[in-house]
Amino acid sequence: MTIVWVPRDSSARAVGADEVAAALAQQPGVTVRRNGTRGMLWREPLVEVETPAGRVGYANVAPTDVPGLVSGGMLEGAPVGNSLGPVAEDPWLTAQHRVSCARLGLAEPTDIAAYRDAGGWAGLRRALDMDPADVVEEVVTSGLRGRGGAGFPTGIKWRTVLEAQADQKFVACNLDEGDSGTFADRILAEGDPFTLLEGMAIAAVAVGATEGYLYVRSEYPDAIATLGEAISVATAEGYLGEDVLGSGRSFTVHVRRGAGAYICGEETSMLESIEGRRGEVRAKPPIPALSGLWGWPTVVNNVLTFAAVPAILTGGGETYAAAGDGRSRGTQVFQLAGNVARGGLVEADLGTDLRELVEGFGGGTRSGRPVRAVQVGGPLGAYLPAAGLDVAAGYETLAEAGGMLGHGGIVVFDDTFDAARMARFAMEFCAAESCGKCTPCRIGSTRGAETIDRIRVGPPAEREAALVLLEDLCTTMTSGSLCAMGGLTPMPVRSALKHFPEDFAPAGGGDATGPDPRAGAAAASTTRSAP
Amino acid sequence: MDEREGPRRRRRGPRQDGGPAPVPEGARADAVRDLARRRAGERGPLLEVLHDVQDALGWIDEPDVRVLADELNLSVAEVHGVVSFYHDFRRIPPPAHTVRVCRAEACQSVGAEGVYAAAQQAVRTAGPDVELQQVFCLGNCALGPTVEADGVLHGRVEESRVQQLVAELADRPPAPGVPETLPTADQEARR
């Protein structure tokens with residue numbers, strides 16, 4: 001039998017991976033197995049055939065291609081169709097520095113034996129043999145910072161939780177990946193969930209937590225299912241549960257589903273939501289490290305932060321810190337999205353040139369038109385012009401360039417990009433998704449959208465005044481909001497104004513009104529009546 | 001909450017408004033109560049229970065809120081506050097089919113606005129059985145525009161494709177996710 005791998009990742013399935021898997025399964029002599037994606041999303045469905053020379057890849061396979069590929073010698077690894085040759089030698093992969101994503105796409109996501117054979121659980125074993133304070137110091141040494149976007153030093157956070165005196169401590173993982181242009185959390189959870197669980201378990205060992213909560217957005221049903229299965233398997237095998245690897249320590253993990261609120265990606269809002277309440281932001285202090293879930297000390301980290309931890313424990317903090325640039329140590333899992341020719345997941349050293357990511361890995365736009373703008377760091381990140389891509393993608397360097405690294409999402413736009421429209425969209429999105437607790441965010445966002453309309457299509461005499469007002473509003477939101485939602489919404493707006501002022505010219509043409517986030521409510525009311 | 005004390009809190013005789021609405025009873029109330037009890041040992045289970053109720057019964061009806069408040073020892077206001085906060089929770093019965101179009105930045109960069117407009121038009125033609133929702137990010141940002149039809153994700157969707165997807169939904173029996181709905185408490189009372 002020839003083993004043929006077809007990814008079961010959501011993105012691969014969205015372009016027909018299930019149908020390709022079914023077509024392959026009908027071929028005699030073929031055993032289909034389902035791996036996670038390698039991250040080369042533009043090549044999905046990417047079929048890999050096991051041959052004596054390694055796994056040979058075939059990109060963009062359609063179900064109807066299967067008979068032709070097989071008769072052409074695909075099962076022997078022949079160069080037919082969109083053959084890549086050996087996948088592991090593909091330059092797009094070999095140019096990356098995969099640490100957190102080292103095992104991505106190699107095995108069936110919940111195959112725990114494969115995970116173990118690939119070096120999995122070694123980090124947890126080492127952590128259990130160490131003094132908890134030494135585990136924390138290893139993470140401090142690594143220089144790892146919060147990959148969710150805030151960039152707070154992970155080891156310092158853990159040390160705070162470790163030193164807190166409490167009867168109960170928690171670990172909470174943020175998988176409420178609502179930022180447009182980001183999908184690394186989803187790919188990791190769907191493709192290599194044990195790395196995430198191992199990272200969480202190491203955190204629990206380090207700080208003395210006994211319960212973990214994984215908050216997953218409801219838009220990711222496949223991730224929820226895979227994580228649930230992975231937790232069951234890991235618990236049955238003794239890596240999680242009442243007695244972690246015979247150490248006498250307990251660590252149980254629960255999955256909690258989000259319910260379609262973007263704000264719940266903010267850490268305190270997420271804690272409220274895990275507790276079963278409205279996802280309203282909490283004022284800080286107290287910080288979650290001291291008063292998190294149900295008031296107990298809680299480690300709150302993003303998926304990518306936890307996913308970096310097993311490698312730090314196995315390879316050592318210093319090895320991890322050897323990569324990177326300035327105070328941005330280690331690797332970042334970048335996500336190339338939007339109008340990009342080669343979209344997907346790129347793990348590279350922090351400080352990699354943004355232009356290298358967009359043009360080198362990304363290959364420019366998918367439409368073939370010139371790149372006009374790039375938004376880095378999600379909907380709250382800055383729009384950078386094509387001329388401004390010569391910047392190292394790290395926490396400080398991007399901040400100096402007026403942007404932010406955020407969660408590492410990079411959305412590419414071609415020359416049809418309309419900065420004023422996107423600025424208005426940023427305000428509208430904030431208005432729709434604000435939790436409503438603080439005034440600058442709740443009201444400022446609505447006023448911001450109105451003011452941008454006045455700049456674009458209002459009376460020309462009022463334009464200058466509206467620009468001053470918008471700047472004033474942005475200052476109020478930045479400094480007066482409780483959390484990053486209201487505090488960072490001005491970033492895309494201001495960057496659009498700064499780099500693309502021509503788009504804000506009066507009657508600049510085009511559609512002044514972007515998508516209306518309130519239209520969903522109107523649509524929801526047009527349902528059929530009760531049976 | 002229930003242990004509040006103080007000299008100002010004292011009973012003032014029978015209430016003029018007849019007191020709080022009674023906790024609903026009936027088949028649906030029993031089903032809701034049962035779903036809540038299954039998570040009895042969990043910490044702060046309200047969101048999970050609401051998901052369970054919606055998965056099993058299709059939507060969160062107003063009487064369900066009172067049943068859950070009673071079962072979980074929360075105030076009606078707390079439960080209502082959670083149901084109304086989150087986009088996912090429906091307070092009216094679901095349509096037979098749902099199509100969700102992503103309108104976030106990454107999908108906008110590859111023409112999501114045109115796809116959304118095409119979907120709006122297609123849904124008007126398809127009639128009331130198909131509901132169109134907008135969504136901000138389904139995590140398929142490298143292969144947009146993204147559309148979800150009855151829970152199935154589709155990538156690189158062009159305008160003609162979304163029209164085809166809507167038409168296919170309209171011709172199909174109700175989505176597997178749409179349950180055989182139990183009568184609401186109000187409907188039972190009317191019987």
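Since every read-out is calculated from the coordinates, none of them should be taken as a lab result. Note that this is a predicted model, so its numbers are computed, not measured. When we count neighbours, we look across all protein chains shown, and the Cβ atoms used for this are built from the backbone with ideal geometry, even at glycine.
Would you work out if segment B:23-79 is rounded, prolate or oblate? Take a ≥ b ≥ c from the square roots of the eigenvalues of the alpha-carbon gyration tensor; rounded if a/c is under 1.5, else prolate when a/b is larger than b/c, oblate otherwise.
It comes out rounded by the Cα gyration axes.
Please return the longest range in chain A lying between exposed loop sites, taking trypsin sites (Lys or Arg not before Pro), DSSP loop only, at most 15 other beta-carbon atoms within 10 Å, and leaving the sites out.
A:1-326
Where nothing but the Cβ of Lys and Arg (+1) and of Asp and Glu (-1) is charged, how large is the charge dipole of segment A:252-303 around its Cα centre, in debye to the nearest 20?
Taking the Cα centre of segment A:252-303 as origin, the dipole is about 80 debye.
Lysines within cross-link reach of A:Lys169: Cα-Cα under 18 Å, excluding same-chain residues under 8 positions apart?
Reachable lysines: A:Lys157.
Restricting to bridges with both residues inside segment A:138-277, how much of the DSSP beta-bridge set is antiparallel, in percent to the nearest 5?
If I count the DSSP bridges inside segment A:138-277, around 15 percent turn out antiparallel.
Semi-axes of the equivalent ellipsoid of segment A:76-233: what are they in whole Å, largest first, if each equals the square root of 5 times a C-alpha gyration tensor eigenvalue?
31, 18, 16
I need the semi-axes of the equivalent ellipsoid of segment A:151-222: take the C-alpha gyration tensor, multiply each eigenvalue by 5, square-root it, list largest first in whole angstrom.
Its equivalent ellipsoid spans semi-axes of 25, 13, 11 Å.
When a/c reaches 1.5 or more, the comparison of a/b and b/c decides; with that in mind, is segment B:61-161 rounded, prolate or oblate per its Cα gyration tensor?
Working: a/c = 3.42, a/b = 2.05, b/c = 1.67.
Prolate is the answer for segment B:61-161, as a/c is 1.5 or above and a/b outweighs b/c.
Quick check for me: using +1 on Lys/Arg Cβ and -1 on Asp/Glu Cβ, what's the dipole size of segment A:319-363 about its Cα centre, in debye to the nearest 20?
100 debye
Compare the Cα positions of A:Gly36, A:Gly72, A:Gly54 along the charge dipole of segment A:3-89 (+1 at Cβ of Lys, Arg; -1 at Cβ of Asp, Glu; about the Cα centre) and return the one farthest towards the positive end.
The residue sitting farthest along the positive end of the dipole is A:Gly36.
Mind checking the alpha-carbon convex hull of the protein assembly as shown and giving the volume per residue in Å³?
Taking the convex hull of the Cα positions in the protein assembly as shown, it is 181 Å³ per residue.
Answer with one residue from A:Ala122, A:Ala172, A:Gly155: the one whose Cα lies farthest towards the positive end of the charge dipole of segment A:120-192, charges on Cβ with Lys, Arg +1 and Asp, Glu -1.
A:Gly155
Can you give me the long-range amide H partners of A:Val255? Hydrogens built in the peptide plane at 1.01 Å from N, cutoff under 5 Å, separation of 5 or more residues or another chain.
Placed amide hydrogens put A:Leu214 under 5 Å from A:Val255.
Based on the Kirkwood radius over alpha-carbon pairs, what value in µm²/s does the Stokes-Einstein equation return for the translational diffusion coefficient of segment A:88-169 at 37 °C and 0.692 mPa s?
Rounded, D is 212 µm²/s.
Per residue of segment A:283-289, in order, report the coupling 6.51 cos²θ - 1.76 cosθ + 1.60 (Karplus, θ = phi - 60°) as ³J(HN,Hα) in whole Hz, putting x for Gly and Pro.
Taking θ as phi minus 60°, the curve returns 6, 10, x, x, 6, x, 4 Hz for segment A:283-289.
Indicate the gyration tensor shape class of segment A:1-133 (rounded, prolate or oblate), computed on the Cα atoms with a ≥ b ≥ c the square roots of the eigenvalues: a/c under 1.5 is rounded; otherwise a/b larger than b/c is prolate and the rest oblate.
It is prolate, given that a/c is not under 1.5 and a/b is the larger ratio.
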